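The values are calculated or read from the model by the stated rules, or taken from the named source; none is laboratory data. Just so we're clear, the structure is a prediction, and the values are computed from it rather than from any experiment. For neighbour counting, all protein chains shown are included, and Cβ atoms are generated from backbone atoms with ideal geometry for every residue, glycine included.
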Protein chains: 2
Amino acid sequence: METVKNFLKQKATNLRIHSILATSEAGSGHPTTCLSAADIVSALFFHAMRYDCSEPQHPNNDRFVLSKGHAAPLLYAAYAEAGIIPAEELCTLRQIDSILEGHPTPRFAWTEVATGSLGQGLSLGLGMALNGKYLDESDYRVYVLLGDGETAEGGVWEAAALASYYKLNNLIGIVDVNALGQSQRTMYAFDVDTYCQRFEAFGWQTVGIDGHNFEEILPALAQAKASTDKPTMIVAKTFKGKGVSFLEDADNWHGKALAKGEELDQALAELGPLQDIPVQIESPMPVVVEVDPETECEPPDYPPDEEVATRGGYGVGLAKLGSANPNVVALDGDTKNSTYAEQFMELHPNRYFEMFIAEQNLVGAGIGLAKRGKIPFVSTFAAFLSRAYDQIRMSAISQANIKYAGSHCGVSIGEDGPSQMGLEDIAMFRAIPEAVVLYPSDAVSAERLVAEAAAHEGIVYLRTSRPKTVILYDADERFPIGGCKVVQQSREDKVTVVAAGVALHEALAAHETLAAEGIAVRVIDLYSIKPVDTEALMAAAAETNNILITVEDHYPEGGLGDAVLDAVATEDVRVHKLAVTGIPRSGKPEELLEYHGISASAIVQKVKDVIA
Amino acid sequence: METVKNFLKQKATNLRIHSILATSEAGSGHPTTCLSAADIVSALFFHAMRYDCSEPQHPNNDRFVLSKGHAAPLLYAAYAEAGIIPAEELCTLRQIDSILEGHPTPRFAWTEVATGSLGQGLSLGLGMALNGKYLDESDYRVYVLLGDGETAEGGVWEAAALASYYKLNNLIGIVDVNALGQSQRTMYAFDVDTYCQRFEAFGWQTVGIDGHNFEEILPALAQAKASTDKPTMIVAKTFKGKGVSFLEDADNWHGKALAKGEELDQALAELGPLQDIPVQIESPMPVVVEVDPETECEPPDYPPDEEVATRGGYGVGLAKLGSANPNVVALDGDTKNSTYAEQFMELHPNRYFEMFIAEQNLVGAGIGLAKRGKIPFVSTFAAFLSRAYDQIRMSAISQANIKYAGSHCGVSIGEDGPSQMGLEDIAMFRAIPEAVVLYPSDAVSAERLVAEAAAHEGIVYLRTSRPKTVILYDADERFPIGGCKVVQQSREDKVTVVAAGVALHEALAAHETLAAEGIAVRVIDLYSIKPVDTEALMAAAAETNNILITVEDHYPEGGLGDAVLDAVATEDVRVHKLAVTGIPRSGKPEELLEYHGISASAIVQKVKDVIA
């Protein structure tokens, strides 16, 4: 123990030195938060964890999630001390051309998932642990380092509940209880017992330790590893700024780098010199590669007269996709009988995870699964995806290959009323960089777009509706991302109506009414809202007096209408938007479409107003 | 006890009958979830709670939050049985012209706050409890009825932690443990002990009871009322569908109304007839009205050469507002030394609430405070408001007079990197119906807009920046909501550049560069993004070749550019958008502005491209 202890102690000192040097060089960063966790990280990286130093993505590597992402310099220092990156690189921290960013992102190959928005790491780790225990059947463990202040985040407790429910003994958390948040003391200061009691109440094994004493850290990690059916939370009492006298537990040092010169020199003097100490990292188990083949999805198969909701098409499509692609997994937030994710569950129960009413964790776990090579389809009501918008935002920074499905969009859900209506979800997802936003209008396209989503590398959002609608397309129709369908056209078209989902059906009804009055309009199904088919929109506009009318079961801002506006922004095309104005209310679906101005008759009226 | 018990039992039966009748009439709704909670609601409304039946907004009424909002019919039935609304009205449930919606909204005057998105009620109640205990110093209590499935939501645990931290003995929760979620059994089924242990670990007094036995319900409520320093959670074991044999604890009945005819008749036969039983509701304490006068805010007062960040202007402005308006309160999520809410805290400590790193609860509590007549300013980093987007969405449905402030917007925060950058926040808030979205460009306008926000009735979002910028405006300049400022203009302007925040300063620098090259451009400060000054934009476009260039430190979708596009959508105005494309990264602020194409030189180049 003594040799090991001294070895880890010196490595920890090296980590401290690197953290201080890097942040001082950058002129910004969070050195004191690195200092409190340095001993823990030393024990993890140079003793407890097994990983292949040449392969960040080795499927059996133990995984590490830095939930307290602002300790990034410590993470990078660990990889330098493991011999994976040159120590000189550490001083490029935060520079515009460095892979070592202020908070970890996948630009640094060893970052499992991007962090920095607190309270998400445990969910991310949970996803990886689910994968390890139930999908890959690998023996890897997932270590998540949390700050104490961040355990105020509800996301931590969503993950805590699910982790014990799923008996994730391969998930090991460490809370760094340094008692200082960003702007003041945390709620519980150094009260380690309270943290232990809470995680215990949530079904975890807990161990309270002195986070600077390897004689407590190492046995705690051993105890954690020995667990057979519970996740473990190690609650470590530490001092922010530990190792430097004037920083230790001192106020007002959060997020401050030491100034070069006297301040920095004094700190370095106290820590002593860097010592070159080679390490031997335990290797992970070798990979047993079993690649199940992918096949084509079964095609859509609806009787032509059947009315099927697009959420129904999603359910069927997802189940078929699961049969065709063994990497596809599904997660849902206790809405599977509404989103129809249950059809996947019934066919592929070992690849379905019920995540209960906890959307932050639903998304976070999905991100973790995506980073472990699965293709997760994460579903709930569109409205409730707003509960996880921070996690969705971070999934883009993590470059996660994750698919989101939001059902019950718009006022067309009817009597349940506004709390259940997704009316800002297109705006949410359009604002996610590089996200694909798809909005099928019938069950055939819904099925096809599920497959397109899986084939696409990156974030995809699928928006589905509650009401049953007619089948619009032949079973062999294809729906490439970035395309659209011109569903009605003639040489006499006066304007083009652009819509999707329920509103498309209203547009088709309006087309019929107008045709009977001798007014021809073009109708476009804009099933791909991002990327949008700019070419087709411009072509249609050019042939219809440069007038587009957009219709959507969504608020006016940020949705389909704005996507169309954006596509034609630099041209002389006029766009008239119909959308849901005001705060919606309960009522029958057809009444609400009328009341909120997106019904067939509203479209008819707008066409007439515009061509007058 | 026996008389009271029988009285409450029959009232509960009436509640059950009403719930079933109303949902069957509507053809939709959640009767079984009403049935599990009917006894609890009877005890609350007809025994434990004090309220003035003629005054829903009486400041000293006990308050009730139906966190499990889908039990709305039960809530309405309670008010009918209290004699407040006519029983006949109950059968208008969910109709388009009824105030009794599918989930409660303030269209029904007795709805404290809109619910229906699970896991938010405890935060809403916490806000009301904070108000009662620390601001109004009223003796009212706040009762929150939660479902068991919804305690998986992290928001519940954020509220739980804060409630015990703030010793909110006036907050009483009841969890209705009926063991059935929407699509399956909950994680813990009838394990009441687990719920008790968890809330105890979070510092609550807990009582486990049979939720259908008044001999346990009433003493539990008495025990809760007697608490002097802890909130209380009553954990009630119940059966979904209780009172109707074929519904009790039965699968697949969530969200299903009984069919009229045999099904309904059988249920009603089992429950017996409605009994007309008058009630006597205990009155609240009389109001002692002390209205502190409002005064004008002290004007901005910056030395002309000083550089001040707009977040700095927010801090100063909020503190001044606190001095002028006694109803203003402030809440922050452990970022007060970054958002500068700390300046309000220092001046008005009794009206500042530190909410720690828990943004869902930060917003939920703010909504609760708003509904109790305060004007809450809720602040954190703009990026972290995404953590509470569901709560923000619901605040609109609640018609809450709440102000949101998001700092550290855009890439201009620099080295901390993308996890800390608010880049989709304008899109988020634009999509909120009737929200006002303000984006000051200097400290003077930031201060003024804080006051404008307070004067405005409804949701306001203020977006502030990290970097220091020059003062643009005189201290006596005014900034009406819906206006803008033309900060540079001439008769030779070739195009108009529309910007705000940091990008406005880049636009002004570009203006200078272009002027030196003989190219004149108009520059507009679009400090009011919603509502937007359509008239001014059209006027500027008309005088500058119908070309607008927008620039924003925000993603391209949903932000300032889209607001401008929307304003000129139906006209022949061309809009060229500059915004942050791709996933941002760490770097110096000025480098990032350049890298992401929103710098002065990018604007110069775009102007030249466009006029070529």
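Structural remarks
- Only a single criterion out of (1) surrounded by 22 or more Cβ atoms within 10 Å (Cβ to Cβ); (2) facing chain A (nearest Cβ under 9 Å) is not satisfied by B:Asn546, namely (1).
- Candidate set: region A:428-466, residues that are within 18 Å of the chain's Cα centre (by Cα) and closer than 24 Å to A:Ser586 by Cα; chosen: the one surrounded by the most Cβ atoms within 10 Å (Cβ to Cβ): A:Arg463
- The residues on offer are A:Ala236, A:Ala222, and the sole one that is of a type in the set (A, V, I, L, M, F, W, C) and surrounded by fewer than 21 Cβ atoms within 10 Å (Cβ to Cβ) is A:Ala222.
- Considering residues of region A:200-217 that are outside any helix (DSSP H, G or I) and facing another protein chain (nearest Cβ under 10 Å) only, the residue surrounded by the most Cβ atoms within 10 Å (Cβ to Cβ): A:Phe202
- Region B:385-427: number of residues that are surrounded by 24 or more Cβ atoms within 10 Å (Cβ to Cβ) and more than 7 Å from chain A (Cβ to nearest Cβ): 25
- Qualifying strands (runs of 3 or more DSSP E) (wholly inside region A:425-491; at least 3 residues being aliphatic (A, V, I, L, M)): A:436-438
- Residues of region A:86-114 that are of a type outside the set (Asp, Glu) and more than 9 Å from chain B (Cβ to nearest Cβ): A:Pro86, A:Ala87, A:Leu90, A:Cys91, A:Thr92, A:Ile99, A:Pro106, A:Phe108, A:Ala109, A:Trp110, A:Thr111, A:Val113.
- Out of A:Ile603, A:Ile529, one residue alone is of a type in the set (Val, Ile, Thr), away from chain B (no Cβ under 14 Å) and either assigned to a helix (DSSP H, G or I) or closer than 19 Å to A:Gly410 by Cα (or both). It is A:Ile603.
- Any pair with Cβ under 9 angstrom, 6 or more apart, that starts in region A:526-541 at a residue that is farther than 8 Å from A:Cys484 by Cβ and ends at one that is in a loop (DSSP other than H, G, I, E, B) and polar (S, T, N, Q): A:Ala540/A:Gln489
- When the criteria are applied in full, B:Ala542 meets the requirement of being in a helix (DSSP H, G or I) and either in contact with a His (Cβ under 7 Å, 6 or more places away or on another chain) or farther than 30 Å from A:Ser395 by Cβ (or both).
- Test: residue in region A:344-357 that is in contact with a His (Cβ under 7 Å, 6 or more places away or on another chain) and within 13 Å of chain B (Cβ to nearest Cβ): no
- Close pairs (6 angstrom Cβ cut-off, 6 or more residues apart or separate chains): free of Cβ contacts under 8 Å to residues at least 24 places away in the same chain in region B:189-207, among the basic types (Lys, Arg) anywhere: B:Ala201/A:Arg198
- Among residues of region B:9-43, those that are among the small types (Gly, Ala, Ser) and away from chain A (no Cβ under 14 Å), counted: 7
- Some residue of region B:281-297 being more than 29 Å from B:Phe7 (Cα to Cα), outside the structural domain of B:Gly69 (by TED's automatic domain parsing) and surrounded by 15 or more Cβ atoms within 10 Å (Cβ to Cβ): yes
- Counting only helices (runs of 4 or more DSSP H) that sit wholly inside region B:310-396, those with at least 2 residues that are at pLDDT 95 or above and not hydrophobic (A, V, I, L, M, F, W, C) are B:310-324, B:336-339, B:342-347, B:359-371.
- Any hit, region B:190-199, residues being in a loop (DSSP other than H, G, I, E, B), more than 30 Å from A:Ala189 (Cα to Cα) and either more than 25 Å from the chain's Cα centre (by Cα) or outside the structural domain of B:Gly243 (by TED's automatic domain parsing) (or both): yes
- Count of region B:65-110 residues which are surrounded by 24 or more Cβ atoms within 10 Å (Cβ to Cβ) and not in a helix (DSSP H, G or I): 12
- In region B:143-185, residue surrounded by the most Cβ atoms within 10 Å (Cβ to Cβ) [restricted to those that are more than 7 Å from chain A (Cβ to nearest Cβ), among the small types (Gly, Ala, Ser) and under 18 Å from B:Asp249 (Cα atoms)]: B:Gly147
- Screening A:Gln343 with (1) in contact with a Leu (Cβ under 7 Å, 6 or more places away or on another chain); (2) surrounded by 24 or more Cβ atoms within 10 Å (Cβ to Cβ) gives one miss only, at (2).
- From A:Gly121, A:Gly127, A:Gly83, residue being more than 12 Å from chain B (Cβ to nearest Cβ), closer than 30 Å to B:Phe199 by Cβ and either touching a Pro at 6+ places or on another chain (Cβ under 7 Å) or of a type in the set (Gly, Ala, Ser) (or both): A:Gly127
- Conditions (1) within 14 Å of another protein chain (Cβ to nearest Cβ); (2) of a type outside the set (Ser, Thr, Tyr); (3) on the phi > 0 side of the Ramachandran plot; number of the one not met by A:Gly518: (1)
- Unique match (being in a loop (DSSP other than H, G, I, E, B) and modelled with pLDDT of 95 or more) among B:Asp292, B:Asp301, B:Asp265: B:Asp301
- In region A:550-598, the qualifying residues are those that are in contact (Cβ under 8 Å) with a residue 60 or more places away in the chain and among the acidic types (Asp, Glu), and the one that is surrounded by the most Cβ atoms within 10 Å (Cβ to Cβ) is A:Asp553.
- Scoring A:Thr570 on the criteria (1) more than 10 Å from chain B (Cβ to nearest Cβ); (2) among the hydroxyl-bearing types (Ser, Thr, Tyr); (3) over 31 Å from the mean Cα position of the chain (by Cα) leaves a single failure, condition (1).
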